[in-house]
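Data block below; observations after.
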Amino acid sequence: MSEELNHTVPVNLSVVSPISSQEQFANFIGVTTDTVRGWVEKEIVPTVKVGKRRFVNNIKLSDELKSGTTIFSSGHFLEGDD
C-alpha cells in the first residue's frame, strides 16, 4: 500500500521559512514528528541535507503546491533532486 500525503491545511506561504526541521514542520502542519520522519524516509516531502540532518525544503514544497500538485506519493521527491 502506498502512503500518500493529502493534507489540507490553510498556509500563508509568504511567511514560511525556506527550510524547517522535521519537528518544526510537524508542529506547523499539525501532525506528529514520527509522521514527518516517515514522509522524509519515503521521500514524500522534499528535503535538503544540512550537515548530518535532513530538513524539509519548504520552498520546493511550496512550488509544487503552487503548480497544482495536491497528492504526494512515496518517492515523489527522490533524494538527489535537492
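In this structure, the amide hydrogen of ILE19, modeled 1.01 Å from its nitrogen in the peptide plane, lies closer than 5 angstrom to those of ASN58, counting only residues at least 5 positions away or on a different chain. Extension gain for LYS66-VAL16 works out to 16.6 nm (0.36 nm per residue, less the C-alpha to C-alpha distance). Taking amide H positions as modeled 1.01 Å from N, with prolines and chain starts lacking one, the residues under 5 Å from THR47 and 5 or more places away or on another chain are ASN57.
The mean sequence separation of alpha-carbon pairs under 8 Å and at least six residues apart, normalised by the residue count of segment 16-73, gives a relative contact order of 36 percent. Across segment 23-29, coupling constants 3J(HN,Hα) worked out from phi with the 6.51/-1.76/1.60 Karplus curve, θ = phi - 60°, read 5, 4, 4, 4, 5, 5, 9 Hz, and Gly and Pro carry x. Approximating the spin labels as points 7 Å out from Cα along Cα→Cβ, the ARG53-to-GLU41 distance works out to 1.9 nm.
Extension gain, THR32-SER73: 0.36 nm per intervening residue step, less the Cα-Cα distance, totals 12.9 nm.
FYI, it's all coordinate maths here, none of it is from the lab. All of these numbers come straight from a predicted model, not from anything done at the bench. Because the Cβ atoms are built from the backbone with ideal geometry, glycine has one as well, and the counts that use them run over all protein chains shown.
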